[in-house]
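Remarks on the structure that follows.
The values are calculated or read from the model by the stated rules, or taken from the named source; none is laboratory data. Note that the structure is predicted; figures quoted are calculated from it, not measured. With ideal geometry, Cβ positions are generated from the backbone for all residues, glycine too; neighbour counts draw on all protein chains shown. Keep in mind that these areas ignore ligands, DNA and RNA; they rest on the heavy atoms of the full protein, side chains included. Shrake-Rupley method; radii C 1.70, N 1.55, O 1.52, S 1.80 Å.
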Amino acid sequence: MPDSAPRTARLFAEAIVWDNVFPLEPWVGNDLDALGKLRAAGFSAVSLTIAGDNHTVGEAVQRLAAARRQIAARPDFRLLLAVDDVVAAKREGKLAVGLHFEGTRCLERNLDMIAVFRELGVRHNLLAFNQGNSAGGGCGETGDGGLTRFGRRVVAEMQRVGMLVDLSHTGARTTLDAFAMATRPMVISHSNCRAVHEHWRNVTDEQIRACAATGGLVGLSGSSEYLGDPAASTEAMLRHVQHVADLVGPAHVGLGLDFVFDSDALNRWISSRPEEWPGTDRPDWPGFRYARPGQVAELVEALALRGWSDEALLGLLGQNHMRVCAAAWQQG
């Protein structure tokens, strides 16, 4: 066993481990019972994707209501509304469970819904999901006109009410327009580095620098497609984390692993929507596979062997999210 193993085992046991993206979709094996696998792997907090660009206001409210009811019924969960909830959940041996959206189409162009959704527990939201919407461009489109006038109002209102602006799945120009409006930290919650692996869902060094300039962070995705490794190996994860750390510092990287437990079901759905997921209708498309929850501990060990400090490792695991969310979630 490497000499660093006892140190990293202690760090991992003591750390806040915060994964900011877990799609709540039972049809791909991602139900609340599946969260037990994250808790067993040492996770302290996770945010559930509830709704977004594929949903109306009414559908989003109903999905939120159902998720909140299910979370409240579980003695091993604590609803995540503030960073103090993560600390309390860790102390109590529970999992802090947050709520977020992937896309602003579910606002139905009604800015008042941003404050309403925040009151219902939504703490971060992507501006767009691969395709463009009334707020801005998606990263899967052939063109990206940037933030629309409405999109600028969305970004301003999200920051005013204390909802974290998330630029994953969003077009490059739109992300840069949003970062230029930042009065609080913003995030790219679950995208990897285009400099490490060229993929339309990954982000450029310019986007990473602009995100870090807001005080925010880039969350590591565990998707094989974005990692550039069919096995979604820990070594591939390390390459992307190290690139962000080398570029802007370890204070600006976190976890947005986006685990999916039934990737075959997901791949069938994605390949039927090539306008939303370019290239996935090819006969040779390999499909998505995902890292395992236990690989986070392996990643910590690998980074420790590269000389990462305790502070940097604790930041990656959750302290960076604690800092960003504490600043972004303030109201007024």
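Residue-wise HN-Hα couplings along segment 71-84, as the Karplus relation 6.51 cos²θ - 1.76 cosθ + 1.60 with θ = phi - 60° gives them from phi, are 5, 4, 7, 9, x, 8, 10, 9, 4, 8, 10, 8, 4, 4 Hz; Gly and Pro carry x.
Out of 132, 216, 143, any idea which swings most in a Gaussian network model of the chain, alpha carbons joined below 10 Å? Of 132, 216, 143, the most mobile in the Gaussian network model is 143. Each Cα pair of segment 138-207 feeds into the Kirkwood radius, which the Stokes-Einstein equation turns, at 10 °C and 1.306 mPa s, into a diffusion coefficient of 128 µm²/s. Taken about its Cα centre, the chain carries a charge dipole of roughly 800 debye when the Cβ of each Lys and Arg holds +1 and the Cβ of each Asp and Glu holds -1. Fraction of C-alpha pairs exceeding 24 angstrom in segment 125-275: 30 percent, rounded to a whole number.
Taking 1.002 mPa s as the viscosity and 20 °C as the temperature, the Stokes-Einstein diffusion coefficient of segment 2-41 based on its alpha-carbon Kirkwood radius rounds to 176 µm²/s.
Across all directions, the shadow cast by the convex hull of the chain built on its C-alpha atoms averages 15.1 square nanometres. Dipole orientation for segment 146-208: of the candidates 190, 170, 207, 170 has the Cα lying most toward the positive pole (charges on Cβ; Lys, Arg +1; Asp, Glu -1). Between amide H atoms placed 1.01 Å from N, distances below 5 Å from residue 139 occur with 130, 170, 171, all of them 5 or more places distant or on a separate chain.
Summary value for the chain: 18 percent relative contact order, contacts being C-alpha pairs under 8 angstrom separated by 6+ residues.
3J(HN,Hα) along segment 208-225, derived from phi through the Karplus expression 6.51 cos²θ - 1.76 cosθ + 1.60 where θ = phi - 60°, amounts to 4, 5, 5, 5, 4, 5, 7, x, x, 8, 10, x, 6, 8, x, 6, 4, 4 Hz, with x in place of Gly and Pro.
The chymotrypsin sites (Phe, Trp or Tyr not before Pro) found in segment 1-95 include none that occupy coil by DSSP while having at most 15 further C-beta atoms within 10 Å.
If the segment from residue 40 to residue 261 were pulled out straight at 0.36 nm per residue, it would be longer than the present Cα-Cα gap by 78.1 nm. For a paramagnetic label modelled on residue 273 (point 7 Å from Cα along Cα→Cβ), amide N atoms under 16 Å away belong, within segment 134-156, to 134, 138-141.
Counting only protein heavy atoms and a 1.4 Å probe, the chain has 38 square angstrom of accessible area per residue.
Rg ratio for segment 1-111: its Cα radius of gyration over 2.2 N^0.38 Å, N being its residue count, equals 1.22.
Once divided by 2.2 N^0.38 Å, the Cα radius of gyration of segment 122-161 becomes 1.17.
Taking amide H as placed 1.01 Å from N in the peptide plane, residue 21 has its amide H under 5 Å from the amide H of 47, 257, 258, each at least 5 places away in sequence or on another chain.
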